[in-house]
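Laboratory data are not the source of any read-out in this text; all were calculated from the coordinates shown. Values in this document were obtained by computation on a predicted structure and should not be read as measured data. Note that we place each Cβ from the backbone using ideal geometry, even for glycine, and neighbour counts take in every protein chain shown.
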Amino acid sequence: MGKAFEDDNQIRASYYAETEQLLKDVTGARKVFILDHTICHQSPGADGGKALPQRVHIDQSYSAALSRVPHHLPDEAEHLLKCRVRIINVWRPIKKIERDPLAVAEAGSVPDANLVVTELVYPDKWGET
């Protein structure tokens, strides 16, 4: 892993601005807020990173996605929730991908009846996948 991806402060200072501009350019969004970032590794706990997910999953349930707005942007939440709000994951490889490729499915291709909600409880927030 490159040095630029070992320091969270450096990631926020440089990579967030690049990613924000990418999202504005691709989606036409006027406002972009980056929630967080995760560096995944083949080995759990390597360099403090998370292990690569090995199962199909959804990162946010519908209700959990909407609950992120007041959690992260409390002063703007009422206004923002009257508009279209999207959570968009931006996945970019740090080095050449030789195994464990990323797969993406369009939300409408999976019936709601097939979704299994899993609660995530954090010290400062609640979530669902």
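Exposure proxy check: 50, 95 ranked by fewest other beta carbons within 10 Å? It would help to have the intermediate numbers written out before the result.
Numbers: 50 12, 95 8.
Taking fewest neighbouring Cβ atoms as first place, the list is 95, 50.
Which translational diffusion coefficient, to the nearest whole µm²/s, is obtained for the stretch 8-128 from the Stokes-Einstein equation, given a Kirkwood hydrodynamic radius over C-alpha pairs, 25 °C and 0.890 mPa s? Let's see the in-between values first.
On the way: Rh = 16.8 Å.
Once the numbers are plugged in, D ends up at 146 µm²/s.
Taking the mean number of other Cβ atoms within 10 Å as a proxy for protection, how do you rank 52-64, 96-108 from highest to lowest? Mind dumping the intermediate values first?
Working: 52-64: 12.3, 96-108: 7.5.
Packing proxy ranking, top to bottom: 52-64, 96-108.
Relative contact order of the chain: 21 percent, from C-alpha pairs under 8 Å at least 6 residues apart in sequence. Using only side-chain charges placed at the Cβ, +1 for Lys and Arg and -1 for Asp and Glu, the dipole size of the chain relative to its Cα centre rounds to 320 debye.
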